[in-house]
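Notes follow the structure.
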Amino acid sequence: SGNAGPVMTEAEEIAILPFSVTGTGVELMGEGMVDLLAANLGTIPGVRIVDPRRVMKAMERETGDLEVARALGAGSVLRGSVVGAGDRVRLNAELLSASGESLARTQVEGASEGLLALVDSLSLTLMKEIWRSSEPFPTLRVAGIMTPSVEAMQAYLQGEALYRRGRWDSAGAAYRRAIEGDSTFALAHHRLALTLGWTSEGGASREATRAAIRFADRLPTREAFLMRAYGLYAEGSVAAIDSMQAYTRRFPDDPDGWYYLGEAKFHLRDVRPAAPADLLASFDRVLALDSTLTAAMIHPVERSLLTRDRE
């Protein structure tokens, strides 16, 4: 691809596995490390991160780390551990190629209150080992993407784990706790908007979406682009379709982008009519990329019921 080159080939697409966890105060960090590292490493040119939902689904079927990577078509797999002892935390990580070769390995340790800085340090040292470019190395700062508050971050990570499992009410409660810890937490506002949308709280969902957009400037371009496109949809603007189509052209492997496009086309079909096949094509694309995003099945099922399509 045009982005290939800055990193070694095996690390162009990485499946991040949940870390093993030992000790107290770090219980949420096992699955949480997937989200934190994905946020950091996904900003590096030439690196693609397998969607965490796909990773979790593959782990239900495959027994080994390398088998998970191969099942997902990833060139490498990132695994590690989080060890909490008193007010200290140690993070270990290893990046393996799908064939089992160790590409990079690192360990960082520090105060638990500086956990986000430790994640940044871990990400930085990993990528320095596989960086293959004369270009300056990108800045990595997960706190800038998420939140400087460890408490807000932990609540958000809990929300993400629940959101992936479709537990909307519980996820929404976790996102609210994250926002209580940091009212400028754009990603938490955005996820809260999605959960409220599924629990039929449209007005509150739109309010959360507006809050997310107010603070979107702190996000990387990709996340901010998607969030603003969703904002157009939340306001009922037909421009959402054009914006989401632009997003999917730029990021064709992002299931969330195709899902938002499908939602916009389906709910705005009275304003911009489309053939049934076109309305469902985006959802088909979502499920081809990530069959665990079950929300993408809802409108195709509705359409099948309306048209009495038994198949």
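The values are calculated or read from the model by the stated rules, or taken from the named source; none is laboratory data. None of the values given here were measured: they were computed from a predicted structure. Every residue, glycine as well, gets a Cβ built from its backbone with ideal geometry; the counts of neighbours run over all protein chains shown. Heads up: the accessible areas ignore ligands, DNA and RNA and are worked out on the full protein's heavy atoms, side chains in. Shrake-Rupley method; radii C 1.70, N 1.55, O 1.52, S 1.80 Å.
GLU101 meets each of the listed conditions (1) surrounded by fewer than 18 Cβ atoms within 10 Å (Cβ to Cβ); (2) more than 30 Å from THR292 (Cβ to Cβ) apart from (2). Scanning the stretch 178-203 for residues that are farther than 22 Å from ARG228 by Cα and either surrounded by fewer than 17 Cβ atoms within 10 Å (Cβ to Cβ) or touching a Lys or Arg at 6+ places or on another chain (Cβ under 6 Å) (or both) yields one hit, GLU180.
Evaluation of SER133 against the conditions (1) touching a strand residue (DSSP E or B) at 6+ places or on another chain (Cβ under 9 Å); (2) among the polar types (S, T, N, Q); (3) assigned to a loop (DSSP other than H, G, I, E, B); (4) at pLDDT 85 or above shows that the sole unmet condition is (4). Within the stretch 39-48, the residues that satisfy the criterion of being surrounded by 18 or more Cβ atoms within 10 Å (Cβ to Cβ) and either over 15 Å from GLY75 (Cβ atoms) or in contact with a Leu (Cβ under 6 Å, 6 or more places away or on another chain) (or both) are ALA39, ASN40, THR43, VAL47.
Taking the stretch 227-249 as the range and being within 17 Å of the chain's Cα centre (by Cα) and either modelled with pLDDT under 90 or open to solvent by 40 Å² or more (accessible area, probe 1.4 Å) (or both) as the test, only ARG228 passes. Quick check, is TYR156 at pLDDT 95 or above and either within 19 Å of the chain's Cα centre (by Cα) or of a type in the set (Ser, Thr, Tyr) (or both)? No; evaluated as a whole, the condition is false for this residue. Among the conditions (1) within 27 Å of MET56 (Cα to Cα); (2) small (Gly, Ala, Ser); (3) not in a loop (DSSP other than H, G, I, E, B), GLY166 misses just one, which is (3). Taking first residues from the stretch 85-108 that are closer than 16 Å to ALA74 by Cβ and of a type in the set (Ser, Thr, Tyr) and partners that are open to solvent by less than 60 Å² (accessible area, probe 1.4 Å) and part of a strand (DSSP E or B), the Cβ contacts under 9 Å between residues at least 6 apart in sequence or on separate chains come to SER97/SER76; SER97/VAL77; SER97/LEU103; SER102/GLU94; SER102/LEU95; SER102/LEU96. The condition of being outside any helix (DSSP H, G or I) and open to solvent by 10 Å² or more (accessible area, probe 1.4 Å) holds for only one of VAL77, VAL83, that being VAL83. Which numbered condition in (1) of a type in the set (Asp, Glu); (2) surrounded by fewer than 14 Cβ atoms within 10 Å (Cβ to Cβ); (3) touching an Asp or Glu at 6+ places or on another chain (Cβ under 8 Å) is the only one that GLU311 fails? Unmet condition: (3). Residue count for the stretch 250-262, restricted to those that are over 15 Å from LEU280 (Cβ atoms) and open to solvent by 40 Å² or more (accessible area, probe 1.4 Å): 3. Which pairs turn up if I take residues in the stretch 44-67 that are more than 18 Å from LEU162 (Cβ to Cβ) and look for partners that are at pLDDT 85 or above and surrounded by fewer than 15 Cβ atoms within 10 Å (Cβ to Cβ) with beta carbon separation below 6 Å, at least 6 apart in sequence or on another chain? Listed by first residue and then by second, the contacts come to LEU66/GLY100.
So that you can scan it fast, the table gives a plain yes or no per residue for (1) among the hydrophobic types (A, V, I, L, M, F, W, C); (2) in contact with a His (Cβ under 6 Å, 6 or more places away or on another chain); (3) modelled with pLDDT of 90 or more:
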site	(1), (2), (3)
GLY25	no, no, no
MET33	yes, no, yes
ILE44	yes, no, no
VAL47	yes, no, no
PRO52	no, no, no
ARG61	no, no, no
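So ALA275 ticks every box in (1) within 16 Å of GLY197 (Cα to Cα); (2) aliphatic (A, V, I, L, M); (3) surrounded by fewer than 17 Cβ atoms within 10 Å (Cβ to Cβ) but one. Which box is left unticked? The one condition ALA275 does not meet is (1).
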